[in-house]
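Right, one structure below, let's go through it.
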Amino acid sequence: MEERSVKYLVSNEQDARWGVAVTTVGHQDIASRAGYPSPDHPSGYLFSTSAGRVLDEYQIVYISRGRGRFASAHVRECTIGAGDMFLLFPGEWHTYSPDPETGWHESWIGFRGEDMERRMASRFFMPERVVFDVGVSDRIYDLFRWGVAVAQRQEAGHQQILAGIVNLLLGVAYSCGRHRPFRDRHVDIVVSRAKIIMQENLGRNLRTGGETIARELGVGYSWFRHVFKEYTGFSPNGYMLELRISRAKELLADTDLSCQQIAYAAGFETPSYFAVAFRKRVGTTPLEYRSLTRGRLPSRRPSL
């Protein structure tokens with residue numbers, strides 16, 4: 001039996017200014033040996049799987065059961081299955097269909113907006129890499145279900161809620177997708193262990209930082225620094241500094257410890273280095289940050 005729920009939406013100028021405007025959201029279960037697309041597929045989205053189609057919007061499609069095939073102008077035909085998410089681009093020819101032997105369950109959300117155009121310009125997403133291995137997840141599946149429910153009610157702010165769902169799905173795709181520079185289990189483990197070591201040693205002054213961690217993990221520092229930066233966007237020492245600044249922010253906001261005490265608690269070599277690094281990264285002195293987080297202006301000496 002085929003399960004299907006589809007909703008199409010209109011958006012106004014205010015929705016467009018939000019950055020993402022959703023056009024459609026839905027899900028359907030395609031049984032084995034069932035025709036695809038369904039006969040009642042909307043004419044605006046109807047396509048022949050042999051001829052393909054071109055859309056004028058972005059779409060995120062998630063397969064939670066079964067398997068099938070996908071191809072686009074930039075991607076050779078490939079097999080996709082449960083746990084795969086793929087991204088369709090406006091103006092890009094594509095085709096996809098379930099395997100007749102298995103059918104599949106697909107969920108989708110279509111959208112337009114300047115936010116996505118900016119991400120494309122920054123190459124967060126590229127037409128050459130559109131299939132993302134995000135895994136079979138109830139949480140991802142439920143996001144599409146929630147999207148359908150929001151679209152059906154169309155209460156005040158529904159487009160903004162749907163935009164949030166789109167952004168969350170894109171974040172999942174970006175962080176878990178096949179586009180990542182490494183899909184080596186060994187590298188995943190090394191980076192994850194390195195992050196744990198950094199967290200555990202946050203209050204200690206590891207002067208050699210990345211080199212010390214690389215030795216503890218039994219890998220070369222040059223290789224470790226390269227893969228760590230590819231995964232996180234930071235060098236190991238840069239990532240450790242971010243952790244220390246974040247810890248210092250928490251202590252400044254939530255305790256009455258002195259700046260000297262906080263400097264050592266967060267693992268900085270000296271209070272003076274802490275003050276310089278904090279101002280460079282945050283844009284205020286530690287005391288100014290404390291005052292701002294507590295809702296008052298920092299006290300300043302009157303000029304003479």
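The values are calculated or read from the model by the stated rules, or taken from the named source; none is laboratory data. The structure displayed is predicted, hence computed values, not measured ones. We place every Cβ from the backbone using ideal geometry, glycine too, and count neighbours over all the protein chains shown. Note: areas computed on protein heavy atoms with side chains; ligands, DNA, RNA excluded. Shrake-Rupley method; radii C 1.70, N 1.55, O 1.52, S 1.80 Å.
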Could you check how many residues of the stretch 276-287 are surrounded by 13 or more Cβ atoms within 10 Å (Cβ to Cβ) and within 31 Å of the chain's Cα centre (by Cα)? 7
Kindly indicate the residue of the stretch 142-154 that is out of contact with any His (no Cβ under 8 Å at 6 or more places or on another chain) and in contact (Cβ under 8 Å) with a residue 24 or more places away in the chain and also farthest from Gly26 (Cα to Cα) among those meeting that condition. Gln154
Select from the stretch 219-233 the residues that are of a type in the set (Ser, Thr, Tyr) and modelled with pLDDT of 90 or more and write down the one among them that is surrounded by the fewest Cβ atoms within 10 Å (Cβ to Cβ). Ser222
Can you tell me which condition Ala253 does not meet? The list is (1) of a type in the set (A, V, I, L, M); (2) exposed (fewer than 15 other Cβ atoms within 10 Å of the Cβ); (3) within 30 Å of Ile189 (Cβ to Cβ), and all the others hold. (3)
Taking Tyr273 as the residue in question, decide whether it is open to solvent by 60 Å² or more (accessible area, probe 1.4 Å), at pLDDT 90 or above, more than 27 Å from the chain's Cα centre (by Cα) and more than 29 Å from Phe124 (Cα to Cα). yes
Against the definition (in contact with a Cys (Cβ under 7 Å, 6 or more places away or on another chain), open to solvent by 40 Å² or more (accessible area, probe 1.4 Å) and acidic (Asp, Glu)), how does Asp133 come out, yes or no? yes
Looking at the stretch 234-250 only, could you name the residues that are of a type in the set (Ser, Thr, Tyr) and surrounded by 15 or more Cβ atoms within 10 Å (Cβ to Cβ)? Ser235, Tyr239
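Only strands (runs of 3 or more DSSP E) wholly contained in the stretch 18-95 count here; list those with 2 or more residues that are surrounded by fewer than 18 Cβ atoms within 10 Å (Cβ to Cβ).
Details: elements: 21-30, 58-72, 78-81, 84-88.
In the stretch 18-95, the matching strands (runs of 3 or more DSSP E) lie at 58-72, 78-81.
Suppose we filter the stretch 96-125 for residues that are open to solvent by 30 Å² or more (accessible area, probe 1.4 Å) and in contact with a helix residue (DSSP H, G or I) (Cβ under 9 Å, 6 or more places away or on another chain); how many remain? Spell out how you get there, then give the answer.
Filtering the stretch 96-125 for residues open to solvent by 30 Å² or more (accessible area, probe 1.4 Å) gives 99-102, 112, 114-115, 117-124.
Keeping just the survivors that are in contact with a helix residue (DSSP H, G or I) (Cβ under 9 Å, 6 or more places away or on another chain) gives 112, 114-115, 119, 124.
Looking only at that region, the number is 5.
Got a sec? Which of Tyr96, Tyr36 is modelled with pLDDT under 95 and at negative phi? Working first, answer last.
Values: Tyr96 fails: modelled with pLDDT under 95.
Exactly one residue qualifies, and that residue is Tyr36.
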Step by step: first the residues of the stretch 1-17, then only those that are at pLDDT 75 or above and among the acidic types (Asp, Glu), then the one that is least open to solvent (accessible area, probe 1.4 Å). Which residue is that? Asp15
